[in-house]
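Report on the following structure.
Derivation of every value follows stated rules applied to the coordinates shown; laboratory data play no part. As the structure is a computational prediction, the values presented were derived from the model and not from experiment. Cβ sites come from the backbone with ideal geometry, for glycine too, and all protein chains shown count toward neighbours.
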Amino acid sequence: MARILLGISGSVTAYKGAELAREFIRRGHQVRAIITSGGQRFVTPLQLQALTGFPVPKDQWASEQPDGIDHIYLARWADTFVVAPASANTLAKFAGGIADDLLTTTALAFEGPLFMAPSMNSKMLLHPATADNIEILSSRGVTVLDCEEGELACGETGPGRMMEPVRIADLVETRLAGQLDYSGIRALVSAGPTAEPIDPVRVVTNRSSGRMGFALAAALAERGATVRLVTGPTTLEAHPRVAETVRVMTTAEMAEALGERFEESDLLIMAAAVADWRPEDVSEEKLPREDGSIDLHLTPTRDIVADLAARKGDRIIVGFALETGDPVTGGRAKLERKGLDAIAVNDPTEEGAGPETETNRITLLHADGRTEELPLQSKETIAHRLLDAVHSHLRRNRDQG
Ligand code: C5P
């Protein structure tokens, strides 16, 4: 199931846009429609609302969202954006970056795959201005769909007929199948450090920004998974499509939050930098500095991932390990001891890698002996490459299931 934003612009074939909405819905997708003022001369927002089950704003200024910024909301909501029919005017505006109505403003705010299905008279389609616009859009990664040849509404014959809705739906679905490769997967991700109290203000913790775990949660959500994120203390905000974010402080709280959600998960990615020790006695009162030095007796925390792996079933579990010295040997030992499917190892002493950087470099060790190197890149890109690699485990499970 994908979330499809459907833009309808002014053309006598606007009704085919409505047909396309129905086709997507028949195939189980969610559709929200945006219709230009030109398009509204042929199809009404009310008709589209009845078809899609979602409100259809009449114009940019008649916001449906309480904050009044529909274009940002819609751009974030959608997996893909399909403009059908796309008039010569709409193609020109998209190519020029003009944002003078809800459709064009949303297009500028949208980062995912964009399809445009032109529909117009042959001369308009073949005009150098339109041809240039199509070339500009294509060079930016927009998929401008071919027109069909045939009899046009104006009575002329030639190219310019909008591609049939069923064919458009087929093409969009094929593309989405590649993009939403985690669709139907229930993912549980841990992120950030945990912090173990010494007294009401002091804690024992690990260095961690939470960025790697949040990037993984975001990448999973973008690729269609249902994501639940359990995070230790961090100031980061989860991707808007993460279904649930649970904020915890201690290792015990993280263990409990993950334990409660583990049964209903297909994949656990344990990216949290869990504190390894906790003070055995926690003072209820703030310890006075004036008393001089204190003795802390630290006791090991529960190994969350090892405990969960003991009741793994056919779930996939991916851990992380920060290793100095010989990361691969240390990582492989942890992978085996903890019973994981894969472990992402990095060396925090290396430039650009580790807990508080914006980039990372990872060696991914698989339980079946494979090793993959993910070179130094942003944590967001690393997250996607890691998901590409982890996908082989999900496929194996599906093939066996
Ligand atoms: O043993 P080490 O802390 O290096 O193991 C790293 C992996 O184990 C990470 O995936 C981390 O989230 C997890 N871990 C855990 N519980 C702990 C310590 C680490 O789940 N108490």
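Of note:
- Along each principal axis, taking the top coordinate minus the bottom one, the Cα set of segment 44-108 gives 30, 25, 23 Å in descending order.
- With Cα atoms as the point set, the radius of gyration and Dmax of segment 102-148 evaluate to 11.5, 31 Å.
- Shape analysis of the chain yields a ratio of the Cα radius of gyration to the Kirkwood radius, Rg/Rh, of 1.09.
- FRET efficiency estimate (nearest 0.05) - Cβ-Cβ, residue 395 to residue 65, R0 51 angstrom: 0.85
- Of all beta bridges that DSSP places with both ends in segment 3-177, some 20 percent have antiparallel geometry.
- Taking each residue as 0.36 nm, the span from residue 151 to residue 283 lengthens on full extension beyond its C-alpha to C-alpha distance by 39.2 nm.
- Using C-alpha pairs below 8 Å separated by at least 6 residues, the relative contact order for the chain is 10 percent.
- Which of 73, 182 has the fewest Cβ neighbours within 10 Å, and the rest in rising order: 73, 182
- Normalised per residue, the volume of the convex hull around the Cα set of segment 76-123 (Å³): 75 Å³
- If a spin label sat at a point 7 angstrom from the Cα of residue 1 along the line to its beta carbon, the backbone N atoms of segment 20-35 nearer than 19 Å would be those of 21-33.
- Mean Cβ neighbour count within 10 Å, used as a protection proxy, ranking 15-26, 89-100 highest first: 15-26, 89-100
- Residue-by-residue Karplus 3J(HN,Hα) for segment 337-343, coefficients 6.51, -1.76, 1.60, Hz, glycine and proline x: 4, 8, x, 9, 7, 7, 9
- If R0 is taken as 22 Å, the Cβ-Cβ distance between residue 298 and residue 201 corresponds to a FRET efficiency of 0.80.
- Highest mean packing first, where packing is the average number of other Cβ atoms within 10 Å per residue, the peptides 365-374, 160-169 line up as 160-169, 365-374.
- The relative contact order of segment 3-177, computed from alpha carbon pairs under 8 Å that lie at least 6 residues apart in sequence, is 23 percent.
- Extension reserve of the residue 373-residue 312 stretch, reckoned as 0.36 nm per residue once the Cα distance is removed: 19.3 nm
- Antiparallel bridges, percent of DSSP beta bridges restricted to the chain (to nearest 5): 35 percent
- Gain on full stretching of the segment that runs from residue 328 to residue 244 - 0.36 nm per residue minus C-alpha separation: 26.9 nm
- Nearest-ten-degree value, helix 128-139 long axis tilted from longest Cα axis of the chain: 20 degrees
- Note that segment 3-177, at 25 °C in a medium of 0.890 mPa s, gets a Stokes-Einstein diffusion coefficient of 154 µm²/s from its Kirkwood radius over C-alpha pairs.
- MRE, 222 nm, helices only [DSSP H, n ≥ 4, -39500 (n - 2.57), over the chain, to nearest 500]: -10500 deg cm²/dmol
- 3J(HN,Hα) along segment 271-277: 8, 5, 8, 6, 5, 8, 10 Hz, from the Karplus curve 6.51 cos²θ - 1.76 cosθ + 1.60 with θ = phi - 60°, whole Hz, x for Gly and Pro.
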